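The values are calculated or read from the model by the stated rules, or taken from the named source; none is laboratory data. Note that the coordinates shown come from a computational prediction; the quantities given were computed from them, not determined experimentally. Glycine gets a Cβ as well: all are built from the backbone with ideal geometry, and neighbour counts include every protein chain shown.
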Amino acid sequence: MEVSFKTPVYVIRPNFSESLLDELETDIYKIQSDSPSIQVSNINGWHSETDLFTREETSIKTLCGLLMTESTRQLMSMSPDFDPKKYDGEFGGWININPRGGANATHHHQPWDWSGVFYVKQPKISDEGGRSGMIEFINPCQQSSGLAKKGFMNAGLSPFLRFRPNPGEIVFFPSYLLHSVYPNETDDDRITIAYNLRLNEKK
Ligand SMILES: [Fe+2]
C-alpha cells in the first residue's frame, strides 16, 4: 500500500468527433484576426480574452462542454470523497497561439482550484530530443532533488515533470502547480486552450 503526498497531473484523452480539431482551428484563427493579444505569461504568442466559456462559435461551445464533462469525471475518479452535487463549477478559459519562438513563462493559475490545457495543434518536431512544445511542471517539493539524483528520478521525486502533449489531449492539474511552456521551434503554430475551474460550495 502506498501512503504519501502527491501532486496529480493527468493526461486525459477524450472522445470527440474527428472534425472538431479542424473546426476549432478555423474558428480560432477567425477570433485571432478580430482581437489583439492580451499580455499574461505569453512570450511572443497570442493570448485571447478570457471569455472562452461565453463564446458562441459551435466548435468552442462543443469543446467547453467536453472540458466540463471530462474535468468533473476526472475529479470524481481521483477522489471518491468528492461530491460534485455540493458545488457549482465556475469555469474560465482562453486560447493561446504560439508561433515560432512562442513560449509561456513560469506561472500558476491560483486562486482557481483546477486547471487544464487542451491541445488543438501541436506541430511535429524534427528533433525528438529537443524541448519544443513541451510543458514543464515544477515539483512543489524541491527538497526532493537530492534523492532524484540518487536513482529516484522516476519514483515521483524528480524536480520537474516535462512532456510534449499530443493534439486532442487534455493536461489536467491543480491550479497551484507552477508550470511553463518551452518555445515553439517549428514554423507551424502551436494552438492550445487553457481553462480553470473553481468549485464554489452551494449555499
Ligand atoms: Fe498555465
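Observations
- Among (1) within 16 Å of the ligand (Cβ to nearest atom); (2) part of a loop (DSSP other than H, G, I, E, B) - the single one Lys124 does not satisfy: (1)
- Residues of segment 21-44 that are under 21 Å from Glu169 (Cβ atoms) and either charged (D, E, K, R) or modelled with pLDDT under 85 (or both): Asp22, Glu23, Glu25, Asp27, Ser41, Asn42.
- Verdict on Ile38 being of a type in the set (A, V, I, L, M), within 16 Å of the ligand (Cβ to nearest atom) and touching a helix residue (DSSP H, G or I) at 6+ places or on another chain (Cβ under 9 Å): no
- Scanning segment 30-58 for residues that are touching a residue at least 40 places away in the same chain (Cβ under 8 Å) and in a helix (DSSP H, G or I) yields Ile31, Gln32, Leu52, Phe53.
- Taking segment 94-121 as the range and being farther than 15 Å from Met134 by Cβ, assigned to a strand (DSSP E or B) and within 11 Å of the ligand (Cβ to nearest atom) as the test, the residues that pass are Trp94, His107, Ser115, Gly116.
- Sole exception among (1) loosely packed, with under 15 Cβ neighbours inside 10 Å; (2) more than 30 Å from Phe16 (Cα to Cα) for Glu128, by number: (2)
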